[in-house]
Amino acid sequence: MQINRWENNPAVNSLLLLMREEDCENISSIPEVYEGIRGIVAVLVSRKDFRGKKGSTLRVPMVDGNLYLVGLGKKNKCSLNVIREELASGLRKIGREHNKSAFVVLSHLKEYEGLCFAFGEACGLCGYVFDKYKAKKDDYEPFALDVVYSDVYAPDEFEKGMKFADAQKFSRNIANEPGCVINPETLSEKAIELAEKYSLGCEIWDEEKLRAENMGALLAVGSGSKTPPRLIHLTYKPENPKAKIAFVGKGITFDSGGLDIKPENFMLTMKGDKTGACNVLGIMKGAAELGLNVEVHGFMTCAENMPSGSAFRPDDIITARNGKTIEINNTDAEGRLVLSDALCVASELKPDAIIDMATLTGACAVALGKWRAGLFCNDAKLAGEILTSSENRGESFWRMPLEDEHIAETLKSPFADLVNCGQRYGGAIFAAQFLREFVGEGIKWAHLDIAGVDFYDKEFGVYPKGASAFGVRTCLDYLMRL
Ligand code: BES
Ligand code: MN
Ligand code: ZN
């Protein structure tokens, strides 16, 4: 999508006007961008056809195109995040209703800091669907919008927003692929392709190397699958980086549960269990595209969790890279296992911070819902920075407790150093505490539990049906601000 400055009244198919409820009561706040537009809006508002309610839209057919009014709700609840969401929904509708071009009026919203950035994100994300396997794209009309104009114009900000969106779409495209297409090997190929395109460092450990490197936990999880596990390590290294940050993504290309097999309705959508790894790929792409001045390491710890004669079993005792032994009491608690070895490797680089990302626990989704992800962190400053970026980008995170001595007790095993699964209550905290055992001494670390927010069955705002790549823009924002 192309974003242009609104000047010399180019011909457009549509005009998008975002309005708060207060704007409807006081039409003079609406810029008279088009001769007579205020008058039309005044009539619609006085007839109560449109009142600016959040999420409401009204299409008004005009002689030379369509006028779209989109509600932002009450002024005191309106924020950049509301604007981004309603922009994306509005533009998606415009694009599907055959409009090739749109003029988006933004000058009455200039007070919202970062408006152009968010506009770039909305433009980049609004048309996304994953429909490559559908012969007949019958759910909606094809997205026609390819050029938008705006009366507030900051090309650098637009471009950054679009690059953030590109990174997120890149992650979605891979996360949406089913388990019969993406497995640890084909995911490695995607990483190699990306590395070649952006001249990233790329190292991939196959099963032989994983054995030589004592990656016992990752190997155990991958042992039931026909496709062996992989650890992928991408590096983006600018000349004089300000900091060194490592990301670690859970890349379970399908989570059947293993021998502790999941019931059918829980197994569905488990192709999405590689979202953490896909997000790391997206972040690497974004970092390179944006030319960020930070050294970024992206680890993707990949395996397929399958039941078979060679699968790891309940009661098995395995040894992770740092020598800690783990008694397996549930093969469906596999994410923390693949992450454990990878966190050890990431720690060996002595980065300024490690951020891991994983569709880790149903418990986190139960606690926070499908629209807010969990943040566990051993450092207040890092947690604050991530929460600020999360607020900037409209991906909500909620800080969860890492300290809990009672839950810590349940990590103990009678036969090994740790068990991999605790009680039902506090399951997300247990998992975070388990991961902490593999983070190097003194390293700042954040764990993002993105179970639930990773996959949506209905589209809304900037999110499509399917993989959301939730967290990519927050992490890029964090890197950008370092
Ligand atoms: N991949 C799942 C977690 C998950 C659940 C992600 C729902 C997205 C949506 C994870 O590997 C898992 O199976 N977790 C178990 C842990 C339990 C066995 C301790 C869970 O949450 O039930
Ligand atoms: Mn599982
Ligand atoms: Zn899983």
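The values are calculated or read from the model by the stated rules, or taken from the named source; none is laboratory data. Computed from a prediction, not measured in an experiment: that's the story for all the values here. Reconstructed Cβ throughout: ideal geometry from the backbone, glycine too, with neighbour counts over all protein chains shown.
Scanning the range 215-229 for residues that are outside any loop (DSSP other than H, G, I, E, B) and in contact with a Gly (Cβ under 8 Å, 6 or more places away or on another chain) gives a single hit, 221. Only residues that are touching an Asp or Glu at 6+ places or on another chain (Cβ under 7 Å) and more than 12 Å from ligand 1 (Cβ to nearest atom) were counted in the range 404-431, giving 4.
Each residue in the range 368-383 was checked for being more than 22 Å from residue 464 (Cα to Cα), surrounded by fewer than 21 Cβ atoms within 10 Å (Cβ to Cβ) and under 19 Å from the mean Cα position of the chain (by Cα), and 2 of them qualify. The set of residues from the range 175-189 being surrounded by fewer than 24 Cβ atoms within 10 Å (Cβ to Cβ) and either in contact with a Gly (Cβ under 9 Å, 6 or more places away or on another chain) or closer than 14 Å to residue 283 by Cα (or both) is empty. Restricting attention to the range 395-435, the residues being surrounded by 18 or more Cβ atoms within 10 Å (Cβ to Cβ) and of a type in the set (D, E, K, R) number 1.
Evaluate the following for residue 252: is it within 16 Å of ligand 2 (Cβ to nearest atom), at pLDDT 95 or above and within 17 Å of residue 184 (Cβ to Cβ)? Judged against the criteria, residue 252 is a match.
Out of all the residues in the range 369-381, is one or more at pLDDT 95 or above and part of a helix (DSSP H, G or I)? Steps first, please.
So in the range 369-381, the residues at pLDDT 95 or above come out as 369-381.
Next, only the ones that are part of a helix (DSSP H, G or I) stay: 380-381.
Yes, the range 369-381 contains at least one residue that is at pLDDT 95 or above and part of a helix (DSSP H, G or I).
Just one residue in the set 363, 346, 333 is within 16 Å of ligand 2 (Cβ to nearest atom) and either assigned to a loop (DSSP other than H, G, I, E, B) or surrounded by 24 or more Cβ atoms within 10 Å (Cβ to Cβ) (or both); that residue is 333. With respect to the conditions (1) surrounded by fewer than 21 Cβ atoms within 10 Å (Cβ to Cβ); (2) within 10 Å of ligand 3 (Cβ to nearest atom), residue 260 falls short on a single one, namely (2). Filtered by the rule that a residue be assigned to a loop (DSSP other than H, G, I, E, B), touching a helix residue (DSSP H, G or I) at 6+ places or on another chain (Cβ under 9 Å) and not aliphatic (A, V, I, L, M), the range 309-324 gives 312, 316, 321, 322, 324.
Restricting attention to the range 256-289 and to residues that are more than 15 Å from ligand 2 (Cβ to nearest atom) and of a type in the set (A, V, I, L, M, F, W, C), the residue that is farthest from the chain's Cα centre (by Cα) turns out to be 288.
Would you pick out the residues in the range 251-309 that are among the polar types (S, T, N, Q) and more than 14 Å from ligand 1 (Cβ to nearest atom)? Explain how you work it out, then say what you get.
Here is the first cut: in the range 251-309, the ones among the polar types (S, T, N, Q) are 253, 256, 265, 269, 275, 279, 293, 301, 305, 308.
Correct list: 293, 308.
Within the range 109-140, the set of residues being modelled with pLDDT under 95 and touching an Asp or Glu at 6+ places or on another chain (Cβ under 7 Å) comprises 137 only. Only one of the numbered conditions (1) of a type in the set (A, V, I, L, M, F, W, C); (2) part of a helix (DSSP H, G or I); (3) buried (at least 17 other Cβ atoms within 10 Å of the Cβ); (4) without any contact (Cβ under 8 Å) to a residue 40 or more places away in the chain is violated by residue 202, and that is (2).
In this structure, residue 112 does not qualify as within 19 Å of residue 464 (Cβ to Cβ) and among the hydroxyl-bearing types (Ser, Thr, Tyr). Just give me the residues in the range 290-317 being of a type in the set (A, V, I, L, M) and away from ligand 2 (no atom under 16 Å from the Cβ), in sequence order. Listed by number, the residues that qualify are 290, 292, 294, 296, 300, 317.
Determine, yes or no, whether residue 448 is touching a helix residue (DSSP H, G or I) at 6+ places or on another chain (Cβ under 7 Å) and either touching a residue at least 60 places away in the same chain (Cβ under 8 Å) or part of a strand (DSSP E or B) (or both). No. Taking residue 446 as the residue in question, decide whether it is more than 16 Å from ligand 3 (Cβ to nearest atom) and among the aliphatic types (A, V, I, L, M). Yes, satisfied. Candidates 306, 267, 284: the one that is aliphatic (A, V, I, L, M) and in contact with a Lys or Arg (Cβ under 9 Å, 6 or more places away or on another chain) is 306.
Could you count how many residues in the range 424-445 are away from ligand 2 (no atom under 16 Å from the Cβ) and either in a loop (DSSP other than H, G, I, E, B) or polar (S, T, N, Q) (or both)? Quick ask: steps written out before the conclusion?
Going through the range 424-445, the residues away from ligand 2 (no atom under 16 Å from the Cβ) turn out to be 425-426, 429, 433, 436-445.
Subsequent filtering for residues that are either in a loop (DSSP other than H, G, I, E, B) or polar (S, T, N, Q) (or both) retains 425-426, 433, 437-444.
Qualifying residue count, the range 424-445: 11.
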